[in-house]
Structure formats: structure tokens, C-alpha cells
Amino acid sequence: CAAKGAGWCLVELYDIAACFESDGTLAGYPVAEANFAAMKIFYHQFVHVLFTYNNTEPIDQERGSQGQPLAQAMLANMNSYIAGTMSYNFMQYSAHDTTLAPWCVTVGAYGETLPVFGQMYLID
């Protein structure tokens, strides 16, 4: 952890703890369990800084949201299907929370938290 810095270390530790919490085994790691709530707060604030988009900020206006490329690819695929130029009836995308978070910002589905572990978005 020292080589990455404390922030990234906590992000990784929280991610591991969240996996244990999701399957009910966090209690087997008492230090992680005791610090889980604090790690969660830090993690969400840390990631919020990385992925937020504010349309009144010039830098955000210039670069766009980080999830824009994925959102545009999905929209292009939907439009191709509607236009009858795509033969697929079903498309599935798989991603980690750090890909979903910027996408959520782009489509307006982002609060103060990341998508939870094992999250699924279904778009019809």
C-alpha cells in the first residue's frame, strides 16, 4: 500500500471488505468489519471526486463526462437495432464499478455512492 499512497490503499481495502460484506463473511475479519463504515465513507468521497461531472465547470464542459464513450456506444447500438441495421436481439456489457460510475454520471443515475457490488443495470 505504501507505494500507491494511502488513498488508493483504502480504496483497495474497502473493495476487498465489500466483497466479504456482500457474502456475509466480513465478520471473519474483525479489523475490516470494525472499520468498514469509515472505509465506505472515504471510498465514496474519493470516487465521487474522481467521477463527478459538473456542467457549469469549464474543464468538465471541455472534456465531457468520463462515461460518455460507453454511453455513446450503447446509444449507437440501440439506434442501429431500431434502424434495422443490426442483427443482434440482445447486447450485454460487463464492467467494474469504476467503469459503471462514470457511465452513471453520464446518464444521470449517480448519487453519492458507487454502484454496489454485483450491481446490474437493465436497459430495455
Centroid-to-centroid separation of segment 1-53 and segment 59-97 [C-alpha atoms, Å]: 30
Accessible area of the chain belonging to carbon and sulfur atoms, whole % at 1.4 Å probe: 58
Rounded FRET efficiency, nearest 0.05, which uses the C-beta distance separating Cys9 from Ala109 and R0 of 30 Å: 0.55
Chymotrypsin sites (Phe, Trp or Tyr not before Pro) restricted to DSSP loop in segment 55-104 with at most 12 other C-beta within 10 Å: Tyr88, Phe90
At least 30 Å along the helix axis (C-alpha) and Kyte average at least -0.5, DSSP helices within the chain: 30-51
Per residue value of the accessible surface for segment 1-76 (all protein chains in place, 1.4 Å probe), Å²: 65
Fraction in percent of alpha-carbon pairs per bin - 10 Å, the chain: 11, 34, 30, 17, 7, 1
Net lengthening on full extension, Phe20/Met91 (0.36 nm per residue, minus Cα-Cα): 22.6 nm
Relative contact order [Cα under 8 Å, 6+ residues apart], the chain, whole percent: 25
Cα centre as origin, Lys/Arg/Asp/Glu Cβ charges: the chain dipole, Debye: 180
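The values are calculated or read from the model by the stated rules, or taken from the named source; none is laboratory data. If you're wondering where the values come from, they're calculated on a predicted model, not measured in any experiment. Methodologically, a virtual Cβ is constructed for each residue, glycine included, from the backbone with ideal geometry; neighbour enumeration extends over all protein chains shown. These accessible areas exclude ligands, DNA and RNA; they are computed on the full protein's heavy atoms, side chains included. Shrake-Rupley method; radii C 1.70, N 1.55, O 1.52, S 1.80 Å.
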